[in-house]
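So the structure is just underneath, and the comments pick up after that.
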């Protein structure tokens, strides 16, 4: 399918893999999509400044870049910067079209219905989009899809008016008569308000008058405040809604002048915000921000999980704002025809953005999708034809290069596994890259020489050429993807954790036994060069060992997806499994006892269950302590491993140095690498050996399962549940 992308400083239309709807999503074929004169013009201006300009102009990005430079070195930072600069960015967030398919848990929309869609992560300028149900609204009869494409911007303007708390008969000033402002003028009139419209563009001021504004004035004209006070019989405006897009601070300070005593100013657009305190203070004006489409915005439970807010508690959500705007269109109370300055076919999107960047024309620019009118959207979602390679599926086909499909190409997989796979051409052939963003899949597939790109995991399952599926998605998807891959005869390498529950782990183990196919976990630390060297030294020392591992994990907000128990499983399941696997690698004895202590969540200093001390005792008497905390300072190196045995001590510091006390290796008591090496490339080399039959990976796989059992047991102990029966198990 075709999609509009921002590549560097250029707007292009490219073929990318079509999306596959999730179980709570709707697949929609686009008829029209609307360019945003504020957000998208700002994106074009940022791209013109280049990545360096954006970083220097954003303190948060600058701090992140500086920290990355300290931790990863200049070469890795440069590679990351280059890739980010080249990565295509999808554009658009307001469109309308027809339902092609609905996910399994969407029961109230069926193929063929006309809908409006929103969302900067979903409703792009593309022939097909997959959008969560709560960001989709049914288009009423009599509303054409060109008008319905304005729905998302209509909801933004509507929420700004709601934030003002206006009542019938009150006066509102709308400052900035772009799309948002002109829509807000009409909705405020429909709500029974008296409307004053301001802009520096005389043509837009005249248009606002034609759309129903009671008073339309040039914002930079003389005597604006006097005119507003005369219009309001000396009272002043009850509220000012700022829809302007400008770096100037004058709109917000002028708004204070126009308000009555204790009036409200609502920020909808993007504008300078250096307040003149005196102008705000003397009237006790209240300033309010308006966040996008309304309640539910940026809440993953609402937008992605489809959990609605009860109308009795939250009357107007973003979806109900969508519906209300569409009703205003149907009733004729809002007209969009006069706002449209141009309609471009999709293939001429570059010309549309040139007009948008000009800024002198009326702001309403639409893209039209010829494929919609031709009915081409149905074949567009059918699976692509696989090539004619006739190779046996599954592990039996692995002779020479292992044909791998990478599923889930987020930041970690993109900067680690994909480059490493590409650096091992004698071991791997990258067959496919699959990720939900088709343009990203296409970019990475081209960059790393994959056979094809896809946005649909099922395509990999149907591909008889794929030997190995490398899974790097969010944690809740690991279990079903592992099971499906095994059912289709694929070996699996899955980033940690394998799964989120003991029942899921039992299912995976049973499936491995029944199919004879391997499942390896991304426990890279056992393959780190200094961890391997440490184990070699330990082999010469008598047992037992005393091991202490300190992890300065860093703070992660409670609302991050990794902390969500349903999606990420929490940090205990998601991260500590790494360290339990390393304990098993070093000691290689059955576990006989586990003890856990945790700092309780207090909602202040401790906001999640990510501060724990775990003691693991082994059958030979060895003891391994894990101290995992989010309370430390980020300047402290993340990981430190200390091992004590037979009067000797070994200290592994962040996989950068290995220091030995009471012994030396090759005449040295300290080994220092040029940079930290955590074993990501080495684990892929080992994986190739396992799958190619050159090394026995049975114990590595079983220890991976055991590490997950320990992790799940620790999690259960923290929750106060019963310890699973893993003690004393051998491998």
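Nothing in this text is a laboratory measurement; each read-out follows from the coordinates by a stated rule. Predicted, not measured: the structure shown is a model, and the values here were computed from it. Methodologically, a virtual Cβ is constructed for each residue, glycine included, from the backbone with ideal geometry; neighbour enumeration extends over all protein chains shown.
Between the alpha-carbon centres of region 121-178 and region 228-265 there is a gap of 23 Å. Can you classify region 560-647 as rounded, prolate or oblate using the Cα gyration tensor, where a ≥ b ≥ c are the square roots of its eigenvalues, rounded means a/c under 1.5, and otherwise it's prolate if a/b beats b/c and oblate if not? The shape class here is prolate.
With viscosity set to 1.002 mPa s at 20 °C, what whole-number translational diffusion coefficient in µm²/s follows for region 525-719 from Stokes-Einstein and a Kirkwood radius over Cα pairs?
Details: Rh = 17.7 Å.
The diffusion coefficient I find is 121 µm²/s.
For a protection proxy built on the mean count of beta-carbon atoms within 10 angstrom, sort 171-178, 430-437 highest first, please. Don't skip to the end; give the middle numbers.
Numbers: 171-178: 28.5, 430-437: 24.6.
In descending order of packing, they fall as 171-178, 430-437.
Reported to the nearest whole Å, the Cα centre-to-centre distance from region 544-601 to region 630-651 is 15.
Apply the a/c threshold of 1.5 to the C-alpha gyration tensor of region 92-153 and tell me whether it is rounded, prolate or oblate.
Details: a/c = 1.71, a/b = 1.12, b/c = 1.52.
Because a/c hits 1.5 or more and a/b fails to exceed b/c, region 92-153 counts as oblate.
As a length-normalised measure over Cα pairs under 8 Å and 6 or more apart, the relative contact order of the chain settles at 10 percent. Relative to the longest principal axis of the Cα atoms of the chain, the long axis of helix 478-487 makes an angle of roughly 60 degrees. Remark on region 96-237: ratio of C-alpha radius of gyration to 2.2 N^0.38 Å is 1.29. Angle check, please: helix 59-86 long axis (alpha carbons) against the longest principal axis of the chain (alpha carbons), in degrees 0 to 90, nearest 10. In the chain, helix 59-86 runs at an angle near 90 degrees to the longest axis.
According to the calculation over all Cα-Cα pairs in the chain, the P(r) per 20 Å bin from zero is 15, 42, 31, 11, 1 %.
Entry note, the chain: the mean residue ellipticity at 222 nm calculated from DSSP H runs of n ≥ 4, each adding -39500 (n - 2.57), is -10000 deg cm²/dmol after division by the residues and rounding to the nearest 500. Relative to the longest principal axis of the Cα atoms of the chain, the long axis of helix 529-538 lies at roughly 30 degrees.
When all alpha carbon pairs of region 153-289 are counted in 10 Å bins from zero, the resulting P(r) reads 14, 51, 32, 2 %. Taking every DSSP beta bridge that has both ends in the chain, the antiparallel portion is near 55%. Averaged over residues, the count of other Cβ atoms within 10 Å places the peptides 634-643, 151-160 in the sequence 151-160, 634-643, highest first. Roughly how many whole Å is it from the C-alpha centroid of region 280-345 to that of region 500-529? About 46 Å separates the Cα centre of region 280-345 from the one of region 500-529.
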